[in-house]
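Asker: Pasting a structure below so you can have a look.
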Amino acid sequence: MERLNPNVVALSLGFTTTILYVICLALVAITPIPVVVGFVNALQHSIDVSGMVTKSMSVKGIIVGGVGWFLIAAATGYIFAFLYNWLGQKLNR
């Protein structure tokens with residue numbers, strides 16, 4: 001069984017998530033609010049987000065969101081690769 005490099009998986013997932021975050025920002029910026037609300041409500045198991053939706057985001061908010069999602073995704077990727085390698089070693093004995 002081939003081992004995964006946790007650092008490579010962490011960075012790959014972090015950058016992938018950041019790219020998706022930027023695409024999401026662009027789509028939200030050009031999509032009418034009722035469409036955004038309907039889509040997000042469907043994703044959130046019908047939680048009504050209509051009172052929380054805004055189209056005004058600061059540069060600081062965008063940067064903090066992007067960095068935050070990168071860190072969350074990178075940590076997830078690292079943990080995934082670590083557990084993949086550990087379980088693979090334990091189960092292949």
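The values are calculated or read from the model by the stated rules, or taken from the named source; none is laboratory data. The model shown is predicted, which means the values in this text are computed figures rather than measured ones. Heads up, the Cβs are rebuilt from the backbone with ideal geometry, glycines too, and the neighbour counts pull from every protein chain shown. Surface areas here come from the heavy atoms of the whole protein model, side chains and all, with no ligands, DNA or RNA. Shrake-Rupley method; radii C 1.70, N 1.55, O 1.52, S 1.80 Å.
Asker: I'd like the orientation of helix 6-30 relative to the chain: the angle between its Cα long axis and the longest Cα principal axis, in ° from 0 to 90, rounded to 10.
Answerer: The angle comes out at about 10 degrees.
Asker: Using Cα pairs under 8 angstrom and six or more residues apart, how large is the relative contact order of the chain, in percent?
Answerer: 59 percent
Asker: Cα axis of helix 33-43 to longest principal axis of the chain: angle in degrees, 0 to 90, nearest 10?
Answerer: Result, in degrees: 30.
Asker: Could you state how much accessible area M52 has, in square angstrom rounded to the nearest 10, with a 1.4 Å probe and all protein chains kept in place?
Answerer: For M52, the solvent-accessible surface is approximately 130 Å².
Asker: Accessible area per residue of the chain at 1.4 Å probe, in Å²?
Answerer: About 75 Å² of surface per residue is accessible.
Asker: Could you check the simple spin-label distance between I63 and V22, using points 7 Å along Cα→Cβ, in nm with one decimal?
Answerer: Taking the two extended label points, one gets 1.6 nm.
Asker: Take the Cβ-Cβ distance between L11 and F39 as r, set R0 to 41 Å, and report the resulting FRET efficiency rounded to the nearest 0.05. Walk me through the numbers on the way to the answer.
Answerer: On the way: r = 29 Å, r/R0 = 0.71.
The computed FRET efficiency comes out at 0.90.
Asker: If a/c stays under 1.5 just call it rounded; otherwise compare a/b with b/c (prolate if a/b is bigger, oblate if not). Do that for the chain, with a ≥ b ≥ c from the square roots of the Cα gyration tensor eigenvalues.
Answerer: Prolate.
Asker: Can you send over the carbon and sulfur percentage of the accessible area for the chain, probe radius 1.4 Å, protein chains only?
Answerer: The C+S portion of the solvent-accessible surface of the chain is 73 percent.
Asker: Could you tell me the convex hull volume per residue, in Å³, taken over the Cα atoms of region 1-43?
Answerer: Working: hull volume 3.6 nm³, N = 43.
About 83 Å³ per residue, rounded to a whole number.
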